[in-house]
Amino acid sequence: MAETMQFDLVSPERNLMSAAVTAVQIPGTEGDLTAMPNHAPMITTLRPGILKVETETGTQEFVVTGGFAEIGQSVSVLAEKAVPHGDMDQATYDALVEEAVMAYKAAKEAAPENEPGPVDEAAKLLQDMVAVGTHIGLDPKAANLNY
Amino acid sequence: MPSLKDLKNRISSVKSTRKITKAMQMVAAAKLRRAQDAAEMSRPYTERFNALLGGLAASVGGSATAPKLLSGTGKDDVHMLVVMTAERGLCGGFNSSIVKKARTQIETLKASGKTVKILTVGKKGREQLKRDYGDLFVGHVDLSDVKKIGYADAQNIAKDILVRFDNEEFDVATIFYSKFQSVISQVPTAQQVIPAQFDAPEGDAGGSTLYEYEPGEEAILADLLPRGVATQIFSALLENAASEQGARMSAMDNATRNAGEMIDKLTIEYNRSRQAVITNELIEIISGAEAL
């Protein structure tokens with residue numbers, strides 16, 4: 001039997017998951033990382049991506065849009081918005097992409113010169129969002145129109 | 001002396017009022033349950049968030065490069081008061097007590113020569129403050145179309161406040177809302193959100209675990225602080241929603257009871273005058289018979 005640790009996934013609106021898990025794959029801002037029991041304590045921010053939770057009985061996936069994760073004795077992911085993979089449909093995804101596109105446009109308007117900063121960040125957010133769609137097999141059509 | 005007909009009409013009108021208040025009380029009770037559940041759901045997030053942010057703030061707070069949201073602008077000349085009230089009335093002293101709290105604060109600030117700006121959330125507070133402080137309003141957030149308060153609503157309010165902060169429109173921001181304690185007790189509360197304030201971390205929270213930060217400690221803090229504002233506003237909105245329903249429930253309960261008492265009183269009066277009329281008629285008949 002593999003070692004387990006306590007894992008909590010909470011969003012401001014509800015508690016999505018609280019269970020003993022063997023590993024969690026977290027989409028960190030600076031790259032994906034997998035936390036297993038006895039991981040060094042760390043705090044990282046999240047980018048939009050897939051959060052993969054491995055329990056002894058199987059694997060669960062969540063789509064998260066941002067937030068941060070705290071890894072210590074236990075792992076807590078505080079996601080701004082988190083949706084179980086199964087519940088993610090085209091409409092929900094479209095709304096998320098739409099939001100990212102709007103943010104990108106707003107950032108571009110605010111700073112027409114492409115300087116590093118808000119514009120790049122918004123663009124990266126959008127790209128991450130599109131990557132999420134490709135991964136889960138949904139079509140980021142809103143993004144295609146506006147690129 | 002009102003006639004029998006008048007009394008009858010009054011009784012039936014009070015009866016229908018009682019029906020309405022009774023219905024409102026039951027609706028409020030159902031909504032209260034839902035509001036309390038929502039507040040319950042958000043609690044784990046808020047608690048963890050604050051613990052984490054508190055720890056981070058304590059370690060970075062002292063440095064000169066700490067973000068402005070944490071350390072403040074170095075002045076406290078302009079105060080922003082965010083007054084959160086309900087969109088609807090008929091909820092007892094709920095709105096007035098929040099407004100009263102805000103009013104006291106405004107007067108204190110004004111007396112010490114500070115500039116005050118007011119952002120209202122919810123229609124009722126705006127109406128009550130308009131007369132005396134209408135010129136201090138800088139904005140209003142309308143939540144009357146929102147059926148269920150979501151995190152996105154809090155984020156929008158937070159965004160509005162943060163933009164104003166970035167434009168250096170104010171130095172200190174305080175939110176006013178009502179903390180839900182029980183159905184009969186809601187406590188109007190003022191909470192400072194900018195610069196952020198944290199409860200002193202409990203004994204073991206500080207320093208026992210050394211975290212690694214990715215990206216840097218300060219980058220994370222800069223990312224978290226705006227979210228902290230949104231989180232605080234979100235939990236205040238939820239508390240407020242629960243308080244509003246609680247206050248409405250007890251107000252309507254009182255109203256229903258009062259209506260019941262009034263109906264009893266009116267019924268007695270109605271019966272008395274009915275008897276008086278009967279007695280009168282009898283006397284007339286008897287004295288008529290005697291005169292013959």
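Key figures for this structure:
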| read-out | value |
| --- | --- |
| Counted charge near B:Ala30, where neighbours are those whose Cβ lies closer than 12 Å (Asp, Glu -1; Lys, Arg +1) | +3 |
| In range of the label at B:Ser273: residues from segment B:1-23 whose backbone nitrogen is under 17 Å from the point 7 Å along Cα→Cβ | B:1-15 |
| Dipole in debye (nearest 20) - the protein assembly as shown, about Cα centre, beta carbon charges: Lys, Arg +1; Asp, Glu -1 | 2780 debye |
| In sequence order, calculated HN-Hα J values of segment B:274-280 (Karplus, 6.51, -1.76, 1.60; Hz; x Gly/Pro) | 5, 4, 4, 4, 4, 4, 4 |
| Residue-averaged beta-carbon neighbours from other chains (10 angstrom radius) around A:75-84 | 3 |
| Phi-based couplings in Hz for segment A:17-23 (Karplus 6.51, -1.76, 1.60; Gly and Pro marked x) | 7, 8, 7, 8, 10, 9, 7 |
| Calculated P(r) of the protein assembly as shown - Cα pairs past 31 Å, % | 54 percent |
| Ratio Rg/Rh, restricted to chain A and using Cα atoms, in which Rh is the Kirkwood radius | 1.01 |
| Label-to-label distance, nm, for residues given as B:Lys15 and B:Glu168 (7 Å Cα→Cβ offset) | 6.9 nm |
| Theoretical gain in end-to-end length, B:Asn280 to B:Ile184 [0.36 nm per residue, Cα-Cα removed] | 29.6 nm |
| Paired Rg and Dmax values of segment B:29-250, which use every Cα atom, in angstrom | 17.8, 53 |
| Among B:Leu81, B:Val27, A:Ser74 the positive-end extreme of the charge dipole of the protein assembly as shown (Cβ point charges) | B:Val27 |
| Residues of type lysines that B:Lys130 reaches as a straight line, Cα spacing below 30 Å, ignoring anything fewer than 8 places off in the same chain | B:Lys31, B:Lys75, B:Lys100, B:Lys101, B:Lys110, B:Lys114, B:Lys117, B:Lys147, B:Lys148, B:Lys159, B:Lys179 |
| 10 Å-binned pair-distance histogram of segment A:5-85 (Cα, whole percent) | 21, 61, 18 |
| Cα gyration tensor shape of segment B:1-115, rounded if a/c is under 1.5, else prolate or oblate by comparing a/b with b/c | oblate |
| Amide H contacts under 5 Å for B:Ala173, placed H, 5+ residues apart | B:Met80, B:Val193, B:Ile194 |
| Segment B:29-250: relative contact order as a whole-number percent, Cα under 8 Å and 6+ apart | 34 percent |
| Peptide B:39-46, shielding by other chains (average Cβ, 10 Å cutoff) | 5 |
| Degrees, to the nearest 10: B:4-60 long Cα axis against longest axis of chain B | 10 degrees |
| In degrees, nearest ten, helix A:118-136 long axis to first principal axis of chain A (Cα) | 60 degrees |
| Test item: Cα-centred dipole of chain B, Lys/Arg +1 and Asp/Glu -1 on Cβ, debye | 1480 debye |
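Taken together, the values in this text are just the output of simple stated rules run on the coordinates, not laboratory data. Computed from a prediction, not measured in an experiment: that's the story for all the values here. Neighbour counts run over all protein chains shown; Cβ positions are idealised from the backbone, glycine included.
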